[in-house]
Each structure stands twice: as C-alpha cells, then as structure tokens.
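Contents: one structure, followed by commentary.
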Ligand code: MIC
Ligand code: SF4
C-alpha cells in the first residue's frame, strides 16, 4: 500500500511501537527548538536529566516572546537560556533575531527531518516538508537528551488544493477556509497534508502560513510536499544541500479529504473570539478599525512584508488607526531596509516593532477598551491581546494594510491592480545574532537569576483519591484561559509559585484561592479542553495548586501530554451526559483509581451518591508516568 508523506517520515524515524492508528509511537527527533517563554522550564528539566551535550542533529534556543524588559525578570531568563545553550551544545538566537518559527524555516529547517518545539506553532516547518510538532517543554528536554518523542499514531487528512489564488487573495485565506471547514477541533489526532495542482502555485512562505495555522485546527501537524519550489527557497537561503524531494505515493490512503478551490476563495476574516469563526470580508462590511497589527509567526515573511510595503507606498495610515509592523526576522527586516521597502512603511506612518512575537502574545500593543484590532496573527482568543473586551479579527496582510489606510475593514480587491512580488533569488544571509555553542562547555557557567524558581514535581498516585470540584468549565477552554500570558505575566514563566495566582483568572478569579482552601481537587471541563498553546505551565501551575485530575469531554493533544508529564490524570467522561450531573464544589471520589490506571480499566467515579465511569486513554508508558506522579519521576524510577 502506498504511503503519505507523513507516513514516510514517521517510518524513517520510528524507534518504538507500530504505525497503527491510535497506538502510541516513539520517534527519533532530528532537531528541537525552544522559545524563551517555555524555554526556561524546558532547560531546567533538561538540566535535571543530567545530560551533558544535546544528542540531536541541531537544537536551537530562541528569544522571541519575552522581549519587553520592564524589570530584570526577562533579561535574567535570556541570560539563563543563553548560558545553558552555550554549555550544552545548543545554538542561541538572540532577542531581536526573530520569531522562532520564521528563523527556523529560514536557517535550520530541512525537508524529511523531524522537529519538535516547545511552541504549538512548530508545524510551521511543514511548509518545507518537515515533520514538525509542538510539544511540552519536558518532551523537548527528553528529545534533546536523545529520547524518543511519543504521539498517538495520527489519522491522515488530505486537503486538495485546486486552481490558483486570485489577486489580493492570500495563503491566510486558504487556512481560514480550512478552519471554516474543519473547525478548531477538526484536526485533533490528525496530520493534514496539502496536495493537488494548487500546491505548486504557492511559495514556501505561503505554505508556511498554512501549516502554521494548522495548530488552530488542533492538528498533530500539517505539511506540504517538498518540490522545486522548496528547493528554490532553500537555495535562496544558501542551504540547497539539505533539500530532498518528498511526495505521497499515488495510492496513499487518507482517512479524510477536503478540497479548497483556490480560484474561488475571497478575502476572509476570523471574527472574535475563535479562529474558526470565519466570514468573508465582503460580508462583514465596513466596521471601524482602531488598530492593525502585521506580523507574528503566521504572516511576517519577506513576501508578506513586501506586499504590505507596496500597499502602503506613497499613502498615509488613517488618522484613527494605529498600524504596527513586526517583521518575522532580522533577515526580513534587513532586506526591507536594503531595498527601500522599510522607508515606504515608515513614511506611511506605521509603527515599527522588534522582530519578535510582540502584540501576538500581548507583549505590548494591547488595543484600547472595546477596540477593534485586525491582526495577521493566528489566535484571537478573548483577552489574549491584553484587553479583555477588545474585538480581534484575524486577517491576511493585504486586508490589514488596506484597512489601515481606509480606517474600516476593507476588501483589498477594491485597491485596483495587485502589485507583483517576486521571491528573491538570494536572501540576505547574516547569522551574527545566532550564537554557536561553546567549544569548551566545561568552562561555561550557567547563570540563574532570582526569578528562576524550582518547578513542581507530582506525587505517586495513591490507591484512592477524594477531592472537590474546584472548577467547572465550558467547551473549548484554551491554555490562555488556564494561564494568561501577556506582558505582565510572561516574565513569571520561570516562577510557578507567583504565576499560580493568575491561574484561570479570567474564567473564575476565585480559582487559585479555592484550590488553596480545598487543598487542590479536580477540574471538570467540556470538549477540546486545553486547546491552543503548548505551554506546560497550564499543567505545572494546576499541579502546584494541588489539582490531581482533569475530568472533561475531550482534550487537546499537547495539553493532555503535558498533564500526563506532570502526573495529573487526564480523564474523559465515558458518557458525556454525566458532565451535567457534576457541579462546582461537589465531592468526587475515585475509590480504585490506582488499580484502574495500572490495569487500563475505566476509572470509577463517585459523585453525590451516583457512580459513573471515566476513561483514561493513555499509553502504557503514560500509565507508568501517571502512577509515578509524572514523567520525570518515572524516568528516575526507571533509571534506578
Ligand atoms: C502562543 O502563541 O500562545 C505561544 C505563546 O507561542 C505558546 C507558547 C507559550 O505559551 O509560551 C504556544 O503557542 O505554544
Ligand atoms: Fe509568537 Fe504568536 Fe507565533 Fe506564539 S503564535 S510563537 S506568540 S508569534
């Protein structure tokens, strides 16, 4: 039987298990990346493992999230990560060099290789045919130490691209259309492959926009074939030698198929507050806009920025609009500076920000109260911008730039003829903000600032458990709900005790205090619990607050893995109707939980005199971790 592209790469990297759908497989990981907001934890865990030098082909530590230094915390974290990197064989991309996914695509990614990153948008690498996964920090630490990365063998989805994009319609509209079709839950447990005639009409940056936002589908990862276009991109990056061709076999079997007719697409927008709440710009109408933000790992390539510059050239941003531009990397900014496009952007009245995540993660540029902000980013969850009542729309760079000029949401097709943007034959290559690891690692001292506190460790699972329901949530709870980010809180990513005061703060401000009163307990959730970011803090902080189990209708993949790593039981209602019978502060007992987890049986749940069952769908390896109270405890026990 023929194979899909993903199956070929999985097969070449399989070190454990069988490629049978739903069963856990272990993969050899060629490359890892971390960013700073998840990196401190990942490296603290890596240090706890006692490995000297990373065992991967390439590991890179990026500083791109916490770049606002309004106190010592972020700068101290950068210093810590820089010194750990130097000591353990990891490349270090300094603050200002760019967003991890953009820089990795430009300078390190390679078709056919496996990559895991402690950031949910790591699948951006799928734009060049890399099999790239977002993961928790501990999983990345294990991979750096040479350990396998485990996922349940995913289903295969094929998205057929037919036709060719019309002028002013962009790759962002392709993925917004896929989100409209599949929803934010539609990709869970699946790898999405793009195929068909339309593929060759898309450049690598356009493909990367599409694979980037596969994270919003909940997909395990997304990828494109590696073809002549991929080769051209890598050659232009001076890295033609890493190119290999990759395509699926003609008789490859997919579990699901979707079609996007590129020719029929129009400019789209995801309306507040979910990435799958997609409408045509022409249907939404001319709403007044206060802010436009162009950048993020979704839309910050040279290609995107050149489109924006050509729209802004010779024009002026509307007096009521604040337009921010964050180029994805130093390479992009450098090229815009050298060819004069940056001058066009500046002259139009845009605010140029650092090459970093910036407004995407609420690191500055929070909109005004109830402000309407059009963003070329990937997430518009409520409150993520830093302004709780802001209305965030996700759009293409073309829509954002056109609207910034007009002051209202604007269909760029009204602008007349679209300027043609050529992909460069050679990108400007200057890696002087990427620091190589030391040749004398023994001489490097790791620097730890006072904000870096130890991370919590779970306790072995006892025979039975009784605790109160400390929170009951609706469906689609995101990790931004569980632990908000933003400029005020991100500096505490290496300080779990402090961060814990903000757990679920925008859902139920009493949650941290309630956990302290009750000595922890159980969280009850709806469907797709934990979607969004890979931040393992969304597990570590509840662990710190004494949460022993999350009982919900279904989980997002990375969050579920993070719960297991922390030793928190990920339970799902065997009968979703039982969700209705459980209320806040009810007492829940799990009378035989240890035995049931050990033997893989359903977990008995007693609540208010009723008995029902929950599933704990995990692998044998994960069962062991849950019994030990987390993956690190388990690794220690195995080592003994
Ligand atoms: C995000 O976009 O939410 C982040 C910030 O990049 C996260 C990682 C984090 O929370 O540090 C992600 O997507 O994984
Ligand atoms: Fe950074 Fe935003 Fe991308 Fe997350 S989604 S990596 S915050 S740019």
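The values are calculated or read from the model by the stated rules, or taken from the named source; none is laboratory data. Keep in mind the model is a prediction, meaning the values are calculated, not measured. Using ideal geometry, Cβ is built from the backbone for each residue, glycine included, and neighbour counts are taken over all protein chains shown.
Only one entry of 311, 345, 352 meets the criterion of being in contact with a helix residue (DSSP H, G or I) (Cβ under 8 Å, 6 or more places away or on another chain), surrounded by fewer than 20 Cβ atoms within 10 Å (Cβ to Cβ) and modelled with pLDDT of 95 or more, and that entry is 352.
For region 432-458, the tally of residues that are surrounded by 13 or more Cβ atoms within 10 Å (Cβ to Cβ) and part of a loop (DSSP other than H, G, I, E, B) stands at 15. The number of residues in region 513-548 being within 16 Å of ligand 2 (Cβ to nearest atom) and over 26 Å from residue 575 (Cα atoms) comes to 5. For region 383-398, taking the residues that are touching a helix residue (DSSP H, G or I) at 6+ places or on another chain (Cβ under 8 Å) and within 16 Å of ligand 1 (Cβ to nearest atom), the one that is farthest from residue 478 (Cα to Cα) is identified as 394. Of the residues making up region 138-157, those that are out of contact with any strand residue (DSSP E or B) (no Cβ under 8 Å at 6 or more places or on another chain) and over 16 Å from residue 558 (Cα atoms) number 3. Output the residues belonging to region 200-228 that are more than 16 Å from ligand 1 (Cβ to nearest atom) and either within 11 Å of the chain's Cα centre (by Cα) or assigned to a helix (DSSP H, G or I) (or both). Once the filter is applied, which keeps residues that are more than 16 Å from ligand 1 (Cβ to nearest atom) and either within 11 Å of the chain's Cα centre (by Cα) or assigned to a helix (DSSP H, G or I) (or both), region 200-228 yields 200, 201, 204, 205, 206, 207, 210, 228.
Remark: residue 141 falls outside the filter, which requires a residue to be in a strand (DSSP E or B) and in contact with a helix residue (DSSP H, G or I) (Cβ under 7 Å, 6 or more places away or on another chain).
Number of residues in region 177-205 that are closer than 11 Å to residue 258 by Cβ, in contact with a helix residue (DSSP H, G or I) (Cβ under 8 Å, 6 or more places away or on another chain) and surrounded by fewer than 22 Cβ atoms within 10 Å (Cβ to Cβ): the value is 1. Against the criterion of being within 25 Å of residue 306 (Cα to Cα), surrounded by 23 or more Cβ atoms within 10 Å (Cβ to Cβ) and modelled with pLDDT of 95 or more, residue 414 does not qualify. Of the residues making up region 42-53, those that are touching a residue at least 40 places away in the same chain (Cβ under 8 Å) and either surrounded by fewer than 23 Cβ atoms within 10 Å (Cβ to Cβ) or within 16 Å of ligand 2 (Cβ to nearest atom) (or both) number 8.
Can you name every residue in region 152-176 that is crowded, with 23+ Cβ neighbours inside 10 Å, under 20 Å from the mean Cα position of the chain (by Cα) and not in a loop (DSSP other than H, G, I, E, B)? Result: 157, 171, 172, 173, 174, 175, 176. Looking only at residues of region 293-305 that are crowded, with 24+ Cβ neighbours inside 10 Å and over 15 Å from the mean Cα position of the chain (by Cα), we find that the one that is farthest from ligand 2 (Cβ to nearest atom) is 302. Scanning region 485-499 for residues that are assigned to a helix (DSSP H, G or I) and within 16 Å of ligand 2 (Cβ to nearest atom) yields a count of 6.
Of the strands (runs of 3 or more DSSP E) lying entirely inside region 252-348, those containing at least 2 residues that are within 30 Å of residue 157 (Cα to Cα) are 256-261, 268-270, 278-280.
Restricting attention to region 271-292, report how many residues are out of contact with any strand residue (DSSP E or B) (no Cβ under 8 Å at 6 or more places or on another chain) and either buried (at least 17 other Cβ atoms within 10 Å of the Cβ) or at pLDDT 95 or above (or both). Of the residues in region 271-292, 3 are out of contact with any strand residue (DSSP E or B) (no Cβ under 8 Å at 6 or more places or on another chain) and either buried (at least 17 other Cβ atoms within 10 Å of the Cβ) or at pLDDT 95 or above (or both). Within region 360-382, the set of residues being more than 12 Å from ligand 2 (Cβ to nearest atom), under 21 Å from residue 179 (Cα atoms) and either in contact with a helix residue (DSSP H, G or I) (Cβ under 6 Å, 6 or more places away or on another chain) or not in a strand (DSSP E or B) (or both) comprises 374, 382.
For region 523-554, taking the residues that are assigned to a loop (DSSP other than H, G, I, E, B) and farther than 22 Å from residue 217 by Cα, the one that is nearest to ligand 1 (Cβ to nearest atom) is identified as 545. With respect to (1) in contact with a strand residue (DSSP E or B) (Cβ under 7 Å, 6 or more places away or on another chain); (2) in a helix (DSSP H, G or I); (3) away from ligand 1 (no atom under 16 Å from the Cβ), the lone exception for residue 558 is condition (3). Check whether at least one residue in region 240-257 is more than 20 Å from residue 104 (Cα to Cα), surrounded by 20 or more Cβ atoms within 10 Å (Cβ to Cβ) and more than 16 Å from ligand 2 (Cβ to nearest atom), and report yes or no. Checking region 240-257: at least one residue is more than 20 Å from residue 104 (Cα to Cα), surrounded by 20 or more Cβ atoms within 10 Å (Cβ to Cβ) and more than 16 Å from ligand 2 (Cβ to nearest atom). Here 623, 610, 598 are screened, and the one residue that is surrounded by 15 or more Cβ atoms within 10 Å (Cβ to Cβ) and out of contact with any strand residue (DSSP E or B) (no Cβ under 7 Å at 6 or more places or on another chain) is 623.
Residue count for region 47-100 under the criterion of being within 16 Å of residue 361 (Cα to Cα) and within 16 Å of ligand 1 (Cβ to nearest atom): the result is 12.
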